[in-house]
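Trainee: Quick one: the structure is below, and I'll ask about it shortly.
What follows draws every value from the coordinates through simple rules; no lab data is involved. Remember, predicted model here, so these are calculated numbers, not experimental data. Virtual Cβ from ideal backbone geometry, glycine too; neighbours counted across all protein chains shown.
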Amino acid sequence: MNVLHTSDWHLGQHFFDCHRFEEHKAFLAFLLETIKKRQVDLLIVAGDIFDTANPPREAEKLYFSFLAELSAIDHCTTVVVGGNHDSPSHLNAPAAILESLRVHVVGSLPEDLETCLVRVPLHGLAQPAESKTIWVAAIPYLRGRDVRKAVAGESFDEMEERTRAGVIATYTQMAELIAKKKIAAPLIGTGHLTALGSSVSDSERTIHIGNVGSISASHFPECFDYVALGHLHRAQAVGGKPHIRYSGSPIPLSFSEADHQKEVRLLTWTQDGFQQEKIPVPCFRRLCRIKGDVERLKEVLSAFDTSKDERTPWLELIIKGGFSSPTVNQELRELAHTKGAQVLKVGVAHDEASTQDLFPAHTSIRELTPSQIFEKRLTLYDESQGSPEPETRTKVTNCFQMLLTQAEEER
């Protein structure tokens, strides 16, 4: 019995005015080939299939074309759960049709938790008698409204605690349901959240306010033989528990992930439980973050080699010491272009940078997140009015993140 764990495809991502369709198409082809070659019985996609709630048509086409090709592999079943970037209604709409293709979709937490419990009969390959079935507790991203009711006048701390308690309660209720059904077959749980103690990168959107909704490894039920998590883009185990794991995104979604080896996780069932294997994902396009003063950047770009690249490499340049002339930005971009690379972002690195230094005139609004803009506005206010107490600043930031999360979910 072989299970493949992946997550955070972010189909349709708009990366500094550039779409990632070519890379996503290459990854999905790699995934299909891996499923065939490794005789995978079950594919689990742990959320964030799309990058936005309203993905471009090309992204939808990639998704459905992949599932159609996957359905032709008669030994593989698929379980897809929604992530914080996904629209639950968008994912759930074709669920009834996809089920006929052995694709089980849980876009949001249903009223009946038993609906999340998916029994996967294994077909097509010779399986040991005791391994004819695998169960998946397919728990998607849990929105605030899924795990708590709004209470008028509650403080932020009270709301924070009730949200976390609601997430924990959902997993506890699932464990109770599993015990009631006396499931003895291999059991995999899923989740799309931030587990405490995990390492994040620049590209993860704040999933809840502060650490609201974050749970630790000890909060996942012990009945799970493996917990397939999504949301964090770096592949990693949680809390020293190797069976609770993020597969990470299959392609780098920010320049901070440029040097990380991407992977999908292969699980093979044995008498001792699931044995794990890391399957490296090829690099379909190079992302490079280059830092130095202007002369150093020109030197590196002049020697930049793209002879082995199938696709144009994308670069982020970080200038130490600031711009030496108004034309530096354009000069660097043109130099990279002559070498077959494309500069997507130019930033400035200072030990102590002002708002004006961090947001120079050439910076595009597309390069900034709402949180970055809010933080700089808050810093500017601090400089003019005097720095508030750290506790006050934290509460103001948490309130902003709450409003931002609500706006994104409603969108």
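Trainee: Compute the signed sum of charges (Lys and Arg +1, Asp and Glu -1) over the other residues within less than 15 Å, Cβ to Cβ, of PHE220. Don't jump to the answer; show the numbers that get you there.
Mentor: Numbers: positive: ARG164, LYS241, ARG245; negative: GLU176, GLU222, ASP225.
Summing Lys/Arg as +1 and Asp/Glu as -1 gives 0.
Trainee: Just the ratio, please: alpha-carbon radius of gyration of the stretch 274-323 over 2.2 N^0.38 Å, N its number of residues.
Mentor: 1.63
Trainee: Tell me whether the stretch 1-47 comes out rounded, prolate or oblate; compute the Cα gyration tensor, take square roots of the eigenvalues as a ≥ b ≥ c, and use a/c under 1.5 as the rounded threshold.
Mentor: On the way: a/c = 5.49, a/b = 2.05, b/c = 2.68.
Taking the square roots of the gyration eigenvalues as a ≥ b ≥ c, the stretch 1-47 is oblate.
Trainee: In nm, what is the difference between 0.36 nm times the number of residues separating SER65 and GLU99 and their Cα-Cα distance?
Mentor: Additional length available on full extension: 10.7 nm.
Trainee: Counting other C-beta atoms within 10 Å, and keeping those with at most 16, which DSSP coil GluC sites (Glu not before Pro) do you find in the stretch 68-112?
Mentor: Taking the stretch 68-112 and a limit of 16 other Cβ atoms within 10 Å, the loop GluC sites (Glu not before Pro) found are GLU111.
Trainee: If you don't mind, another one. Which of the listed residues, HIS85, ALA96, GLY47, is farthest toward the dipole's positive end in the stretch 2-280, when Lys, Arg count +1 and Asp, Glu count -1 at the beta-carbon?
Mentor: The residue sitting farthest along the positive end of the dipole is ALA96.
Trainee: Apply the Karplus parameterisation 6.51 cos²θ - 1.76 cosθ + 1.60, with θ equal to phi minus 60°, to every residue of the stretch 312-319 and state each ³J(HN,Hα) to the nearest whole Hz, in sequence, with x for glycine and proline.
Mentor: 4, x, 10, 10, 10, 10, 10, 8
Trainee: Let me ask something else about it. Kindly write out, for the stretch 182-193 in residue order, the coupling ³J(HN,Hα) from the Karplus curve 6.51 cos²θ - 1.76 cosθ + 1.60 (θ = phi - 60°), rounded to whole Hz, with x marking Gly and Pro.
Mentor: Taking θ as phi minus 60°, the curve returns 6, 6, 10, 7, x, 10, 10, x, 10, x, 9, 6 Hz for the stretch 182-193.
Trainee: Three principal axis extents, largest first, for the C-alpha atoms of the stretch 243-311, in Å?
Mentor: 59, 24, 16
Trainee: Could you pull out every residue, at least 5 positions away or on a different chain, whose amide H is within less than 5 Å of the one on LYS291? Hs are placed 1.01 Å off N in the peptide plane, and Pro or chain starts have none.
Mentor: Those lying under 5 Å, H to H, from LYS291 are ILE318.
Trainee: Take SER155 and LYS308, extend 7 Å from each Cα along the Cα→Cβ direction, and tell me the distance between the two endpoints in nm.
Mentor: Going by the 7 Å Cα→Cβ label model, 5.8 nm.
Trainee: To one decimal place, what Kirkwood hydrodynamic radius in Å is obtained for the stretch 2-280 from all pairs of distinct Cα atoms?
Mentor: Result for the stretch 2-280 stands at 19.0 Å.
Trainee: Turning to a different aspect of this structure: Can you check what the net charge comes to around TYR171, using other residues whose Cβ is under 12 Å from the Cβ of TYR171 (Lys, Arg +1; Asp, Glu -1)? Before the final figure, lay out the partial values.
Mentor: Working: positive: ARG164; negative: GLU176, GLU222.
Combined, the nearby Lys, Arg, Asp and Glu give -1.
Trainee: Can you say what percent of the DSSP beta bridges in the stretch 1-142, counting only those with both residues inside, are antiparallel? Round to 5.
Mentor: 35 percent
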